[in-house]
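Bear in mind these aren't lab numbers, they're just calculated from the coordinates by the rules spelled out. Please read all numbers here as calculations on a predicted model, not as lab measurements. Virtual Cβ from ideal backbone geometry, glycine too; neighbours counted across all protein chains shown.
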Amino acid sequence: MKLRIYKLMASLVCFITILTSGNILVQAQDITVGKGLPTFSVATSWGYPPFVWVDGKGRKVGFDADVLRAIAVVEKFNIGEVLDMDFEGLIPALVAGKYDIFFGGITITKERAKVIAYTNPYWESNLSVLVRKDSGLNIVTALCLGHKAGAHRGTTQHAFIKGLVDAGVDVEPAIYDRPIMALMDLLNGRIDCMVNDVPTTDAYYKEHPDKLKKVGVVYTGQLTGMAVRKGDPNGILPLINDGFNKLHEMGIWDHLVNAYFTGDSKKITAAQTKYRHYLFEELDPLTYAKKLESFMTSKE
């Protein structure tokens with residue numbers, strides 16, 4: 001009897017080891033467009049509303065997430081494993097082939113372009129400064145006089161603050177692994193300001209309009225895109241670039257922009273619950289985008 005139990009336990013250990021090893025047999029699937037179609041794994045750092053974040057039910061949502069899913073539908077590929085990483089580790093993991101598509105408001109820079117390949121740009125990436133409402137700070141004083149400025153590690157916001165320090169400006173960097181950590185420290189008075197992309201600053205402000213204040217924009221003129229490995233070994237770039245064009249032609253792009261950038265992001269959990277079947281089950285991104293826009297921009 002004991003021998004049978006030991007054999008059973010050994011079999012279970014072996015099975016669990018296979019499932020959790022580098023060669024995972026059962027892989028989480030994000031959106032399945034069809035059997036036999038190519039499947040690409042994707043990754044981002046899920047903390048940049050309205051581009052990418054996790055909603056009240058633990059679902060991975062956002063403008064970039066829905067754009068990529070819609071492109072998968074119109075270009076006929078599946079999205080498989082969806083990874084969540086600290087931003088600083090995303091590019092090394094992509095270069096190492098740990099996943100296929102890097103998305104989520106990634107600023108295009110010359111340095112990054114040396115090691116990864118970008119899609120066509122789709123958004124202008126300017127920076128914005130957020131302070132506490134009662135601080136009395138403006139965009140100039142917030143970034144000098146020894147004040148603590150928060151930013152997400154490895155991002156262009158981090159590089160901007162480092163550039164100020166290198167130029168001799170009296171500002172103290174406070175660098176975080178996740179932007180939500182910087183937001184919490186700003187709200188709790190542990191830092192004086194937070195630098196982020198304009199849409200993300202707007203999203204955080206909408207969540208706390210009674211406590212926070214936007215004090216200005218730093219116009220960098222930089223653009224954002226999605227990215228793949230250098231040389232595009234899987235032929236993904238033409239699919240995504242063509243997908244961008246199709247989303248514009250079909251009107252899906254404008255509906256998603258209105259939903260995420262002018263709508264109320266607090267409604268996203270309810271909207272996803274009500275309408276996600278149009279995208280994930282019926283594979284109808286146009287109806288999904290229309291419904292999402294209508295729901296999130298309604299005054300109810």
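Which whole-number percent is the relative contact order of region 125-222 (Cα, under 8 Å, 6+ apart)?
Taking the mean separation of contacting Cα pairs over the length of region 125-222, I get 47 percent.
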**Message:** Explain nothing, just the number: relative contact order of the chain, from Cα pairs under 8 Å at least 6 residues apart, as a whole percent.
**Reply:** 22
**Asked** Relative to the longest principal axis of the chain, what angle (0 to 90°, nearest 10) does the C-alpha long axis of helix 268-280 take?
**Response** 40
**Message:** Could you derive backbone 3J(HN,Hα) for region 115-121 from the dihedral phi with the Karplus parameters 6.51, -1.76 and 1.60 (θ = phi - 60°), listing whole Hz in sequence and x where the residue is Gly or Pro?
**Reply:** 10, 10, 10, 9, 6, 4, x
**Request:** Show which lysines lie in cross-link reach of K211 when reach means a straight Cα distance below 17 angstrom and same-chain residues fewer than eight apart are skipped.
**Result:** K133, K266
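Using mean Cβ contacts within 10 Å as the protection proxy, how do 193-204, 73-84 order, highest first?
Going from most to least packed, we get 193-204, 73-84.
Which shape class, rounded, prolate or oblate, goes with region 125-222 when its Cα gyration tensor gives a ≥ b ≥ c as root eigenvalues, a/c under 1.5 marks rounded, and past that a/b bigger than b/c marks prolate?
Since a/c stays below 1.5, the shape of region 125-222 is classed as rounded.
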**Prompt:** If you put +1 on each Lys and Arg Cβ and -1 on each Asp and Glu Cβ, how big is the dipole of the chain around its Cα centre, in Debye rounded to 20?
**Reply:** 880
**Request:** Mind giving me the FRET efficiency for I139 and K114? R0 is 22 Å, r the Cβ-Cβ distance, nearest 0.05 is fine.
**Result:** 0.10
**Request:** Treat the chain as a sphere of radius equal to its Kirkwood radius over Cα pairs and apply Stokes-Einstein at 37 °C in a medium of 0.692 mPa s; give the translational diffusion coefficient in µm²/s, rounded to a whole number.
**Result:** 158
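What are the GluC sites (Glu not before Pro) within region 234-293 that DSSP puts in a loop, where the Cβ has at most 12 other Cβ atoms within 10 Å? Write out the running numbers ahead of the final one.
On the way: sites: E249, E281, E282, E293; in loops: E281, E282.
For GluC sites (Glu not before Pro) across region 234-293 that sit outside H, G, I, E and B with at most 12 neighbouring Cβ atoms in 10 Å, the list reads E281, E282.
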**Message:** Taking the Cα centre as origin and putting +1 on Lys and Arg beta-carbons and -1 on Asp and Glu beta-carbons, what dipole magnitude results for region 125-222, to the nearest 20 debye?
**Reply:** 140
**Request:** Sort 206-214, 42-50 for me by packing, meaning the mean count of neighbouring Cβ atoms within 10 Å per residue, highest on top.
**Result:** 42-50, 206-214
